[in-house]
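Working notes, beginning with the structure itself.
The values are calculated or read from the model by the stated rules, or taken from the named source; none is laboratory data. Since the model is a prediction, treat every value here as computed from it, not as a measurement. Cβ placement follows ideal geometry from the backbone for every residue including glycine, while neighbour counts extend to all protein chains displayed.
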Amino acid sequence: MMIPTIPTPDELLDKGFRRGKKAADLARTSKIPRHLKSKRIEETRVITACQVIKDRIKMILDRVPNIETLPEFYQDYIDITVGVDDMKKALGALNWSYGIITQLEKDYSSRIRRSSPEKASTLQKQAYGRIASVVNKIKKDLDFLDFAKANLRNMPTIDFEATTIVIAGFPNVGKSTLLRQITDATPEVANYPFTTKGIQIGHLERNWKKIQIIDTPGLLDRPILDMNEIELNAMVALEHLADAIFFIIDVSETCGFSIESQFNLSYEIKRIFDVPMVYLFNKIDIADVNKDTNDKSKFESDESESDISYLSSYLEETDDYLFISAYEGKGIEDIISKLSSVRKIERNKNEDMEFY
Ligand SMILES: Nc1nc2c(ncn2[C@@H]2O[C@H](COP(=O)(O)OP(=O)(O)OP(=O)(O)O)[C@@H](O)[C@H]2O)c(=O)[nH]1
Ligand SMILES: [Mg+2]
């Protein structure tokens, strides 16, 4: 998300007061009656400082989108990344400061106009003191927005029109390797878990159909409440974006997790998210397929299923699966034809619309 550069209170005040001084210097050279001049100078100084500070605050408020109008995926993404409530609070504080400074500008310019020339400069100083105190009060909100800017910089750009497939599975099973194989995306691949910390997106076009493939951080088989922020990224993508889930199972178990626990996770995901699931049995190039003969070619042949007795109990419930090697590019064409057959699920853009 594009949050503009966020100034510190000092930067905000410096700029306002500097511009106020410039405007006051200009007023000093203007040809107006002497008894009005000092009042005009101080009034100009206050108004200019207020305007400059307000413009900057307004620019921030205008550029940060209204969170409630964003698609739910973004709302949840912002929530797990920086916290929606904190974000709203910070923006609310900026809005508050804008209102107070507008009020100070009005009050002090009219008080200076009605004052004696001698009192004008005292009133201006008083106005500056109050402006500074308001701006300093929003210090923690400006700090927060600066933190949010840094953390939301990599917020993924979602194509809400495209058919979307979410790749899910345990850490280290080959999700990112697969995304690299089938799209031009280049997510990091490494032989340790939680390499992928955010959402990675690749695009593909088949028969004029736009397909968006989302690689997610690895999930562990544990309750949502125990999940960390990285895992929640995956859950949010599954919830709001998936038209189908391609669930990767590392049959070699070199990812460090048993096939059984990988299946358990897939059941849990299936239970939570009501979308079609395709199993991709990955790493067949190194899988110990037939534990007696160690004949890896079994996976590649049509009779492969007879040799995967240790998977067969799991496969009773589904016929939607492929054996692949994301690393060697085996089974990729089959995956792409499966991708092409996924249908887009019409979701309400905004949950409020469900009432209509
Ligand atoms: N032999 C073999 N290794 C693979 C295959 N697919 C992935 N790997 C390896 O498995 C490791 C993990 O791959 P990644 O693509 O980073 O796995 P991931 O699921 O994205 O992992 P996280 O992002 O940590 O959840 C890397 O060392 C890959 O090279 C495969 O088909 N065969
Ligand atoms: Mg990854």
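Mind listing whichever residues of region 192-208 are within 14 Å of Leu178 (Cβ to Cβ) and either more than 8 Å from ligand 2 (Cβ to nearest atom) or not in a loop (DSSP other than H, G, I, E, B) (or both)? Write out each step before concluding.
As a first pass, look at region 192-208 and keep what is within 14 Å of Leu178 (Cβ to Cβ): 195-196, 200-202, 204.
Correct list: Gln200, Ile201, Gly202, Leu204.
Among the conditions (1) away from ligand 2 (no atom under 15 Å from the Cβ); (2) among the hydrophobic types (A, V, I, L, M, F, W, C); (3) part of a loop (DSSP other than H, G, I, E, B); (4) at pLDDT 95 or above, the only one that Ile211 does not satisfy is (3). Which of the residues belonging to region 184-197 are crowded, with 19+ Cβ neighbours inside 10 Å and more than 6 Å from ligand 1 (Cβ to nearest atom)? The answer is Pro187, and nothing else.
Looking only at region 294-325, residues that are buried (at least 17 other Cβ atoms within 10 Å of the Cβ) and at pLDDT 55 or above come to 8 in all. So, in region 94-114, how many residues would count as being in contact (Cβ under 8 Å) with a residue 24 or more places away in the chain and over 44 Å from the mean Cα position of the chain (by Cα)? Residues in region 94-114 being in contact (Cβ under 8 Å) with a residue 24 or more places away in the chain and over 44 Å from the mean Cα position of the chain (by Cα): 2 in total.
Residue-by-condition table, conditions (1) touching a strand residue (DSSP E or B) at 6+ places or on another chain (Cβ under 9 Å); (2) crowded, with 23+ Cβ neighbours inside 10 Å; (3) outside the structural domain of Gly83 (by TED's automatic domain parsing):
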residue	(1), (2), (3)
Ile230	no, no, yes
Ala234	yes, yes, yes
Asp243	yes, no, yes
Asp250	yes, yes, yes
Glu253	no, no, yes
Ile259	yes, no, yes
Asp274	no, no, yes
Val278	yes, no, yes
Phe281	yes, yes, yes
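Condition check for Ile138 on (1) farther than 30 Å from Phe247 by Cα; (2) in contact with a Lys or Arg (Cβ under 9 Å, 6 or more places away or on another chain): one failure, at (2).
Taken together, the residues in region 144-176 that are outside any loop (DSSP other than H, G, I, E, B) and either modelled with pLDDT under 95 or surrounded by fewer than 19 Cβ atoms within 10 Å (Cβ to Cβ) (or both) amount to 5.
Taking Ile100 as the residue in question, decide whether it is over 16 Å from Arg45 (Cα atoms) and modelled with pLDDT of 95 or more. It would help to see each step written out before you state the result.
Values: over 16 Å from Arg45 (Cα atoms): yes; modelled with pLDDT of 95 or more: yes.
Answer is yes for this residue.
If you filter region 115-143 down to residues that are touching a residue at least 60 places away in the same chain (Cβ under 8 Å) and among the hydrophobic types (A, V, I, L, M, F, W, C), you find that the one that is surrounded by the fewest Cβ atoms within 10 Å (Cβ to Cβ) is Ala132.
Would you confirm, using the coordinates I've provided, whether Trp208 is outside the structural domain of Ile80 (by TED's automatic domain parsing) and away from ligand 1 (no atom under 16 Å from the Cβ)? Reasoning before the result, please.
Numbers: outside the structural domain of Ile80 (by TED's automatic domain parsing): yes; away from ligand 1 (no atom under 16 Å from the Cβ): yes.
Yes; evaluated as a whole, the condition is true for this residue.
Condition check for Val189 on (1) more than 9 Å from ligand 2 (Cβ to nearest atom); (2) of a type outside the set (Gly, Ala, Ser); (3) touching a helix residue (DSSP H, G or I) at 6+ places or on another chain (Cβ under 9 Å); (4) within 18 Å of Ser325 (Cα to Cα): one failure, at (1).
Against the definition (surrounded by fewer than 17 Cβ atoms within 10 Å (Cβ to Cβ) and either modelled with pLDDT of 95 or more or of a type in the set (D, E, K, R) (or both)), how does Asp55 come out, yes or no?
Details: surrounded by fewer than 17 Cβ atoms within 10 Å (Cβ to Cβ): yes; either modelled with pLDDT of 95 or more or of a type in the set (D, E, K, R) (or both): yes.
Criteria met by Asp55.
For region 28-50, the set of residues classified as assigned to a helix (DSSP H, G or I) and surrounded by fewer than 18 Cβ atoms within 10 Å (Cβ to Cβ) consists of Arg28, Arg34, His35, Leu36, Lys37, listed by residue number.
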